[in-house]
Amino acid sequence: MTNRYRYLSGTHFDFEPKVDDLVGGHTPYCWGCGPEAERGLGLRPRLEGLEIVADLAFARRFEGGPGTVHGGAIAAFMDDLLGYVPVVYGTPGVTAKLDTNFIAPVPMGVTVTGSAWMSRLEGNKMWAEGVIEVNELVLVESSALFVAITSDHYRRVFDGFTEEQLERFAAYRSGDYYP
C-alpha cells in the first residue's frame, strides 16, 4: 500500500483510549476549542476509533488571502486538533514542535474536516499527525511532537507569576476582559 501523504508517515500507533468523549476535555477559554472563547475557532472535536475528528467552516474573520483561510488560523486548528491526541491517550501534553504543510489553499465558506492520530510514542514524547480535507482532498498535512506533563507543570508556571499577573489571570478566568 502506498502512503497517500506527502509529508506524513501515515502510521497509526495502536493504544487503548483513556476517554470516550472529548466534551470538556480542554479548558473553557481555549482559543481553539473552548466553548467560552467567543472569538475562538469553535473547534468541536469528536473521537472516531483512535482518530480525533472535527468539522469546521472558518468564520470570515479568519480570512487571509482573498477567499482563503489565514495560515495562522489553519496552524491553530491543527495544533488544537493534534493536541487532543495526548488527551485520548490519557497523558496531558504540551506542544513541543508543530509542522504544518500547506498543500492547497483552504477556501472560505467551505466546511473542512480535520483528523488527527498518534503516530509514535517514546517515553514521555508523543508524536501526532493529522490532515485537513475537503471532499477527500488533502489540503493540509501537519505533525506535532508533544511532551507529557503533570499538574506540577502549571503549578510551577503559576508560582512564578507576579501579583499583577495573578490578578490579570483571575480576571481572565472569571470571564472579565483580559488585556
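For the chain, what is the mean residue ellipticity at 222 nm derived from helices alone (per DSSP H run of n ≥ 4: -39500 (n - 2.57); sum divided by total residues; nearest 500 deg cm²/dmol)? Don't skip to the answer; put the middle values down first.
Numbers: 3 runs with 39 residues, N = 179.
Roughly -7000 deg cm²/dmol at 222 nm, from the helical runs in the chain.
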_At least 18 Å along the helix axis (C-alpha) and Kyte average at least 1.0, DSSP helices within the chain_ = 71-89
*Among Gly90, Gly32, Gly160, residue whose mean-square fluctuation peaks in a GNM of the chain (springs only between Cα atoms under 10 Å)*: Gly160
*asked:* So if each residue of separation counts as 0.36 nm, and I subtract the Cα-Cα distance between Ser115 and Phe102, what length gain in nm does that give?
replied: 3.2 nm
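Full extension from Leu137 to Ile149: what is 0.36 nm times the residue separation minus their Cα-Cα distance, to one decimal in nm? Intermediate values should be presented prior to the final figure.
Numbers: separation 12, 0.36 × 12 = 4.32 nm, distance 3.48 nm.
Result for the pair: 0.8 nm of gain on full extension.
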*Give me the percent of Cα-Cα pairs in the stretch 46-149 that sit more than 22 Å apart, rounded to a whole number.*
28 percent
*Out of every Cα pair in the chain, what percent are spaced more than 21 Å from each other?*
52 percent
_For Ile149, distant residues with modelled amide H under 5 Å away_ = Gly93, Val94
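Here, each number is a calculation from the coordinates, and none is a lab measurement. Fair warning: this is a prediction, and the values are worked out from it, not measured in the lab.
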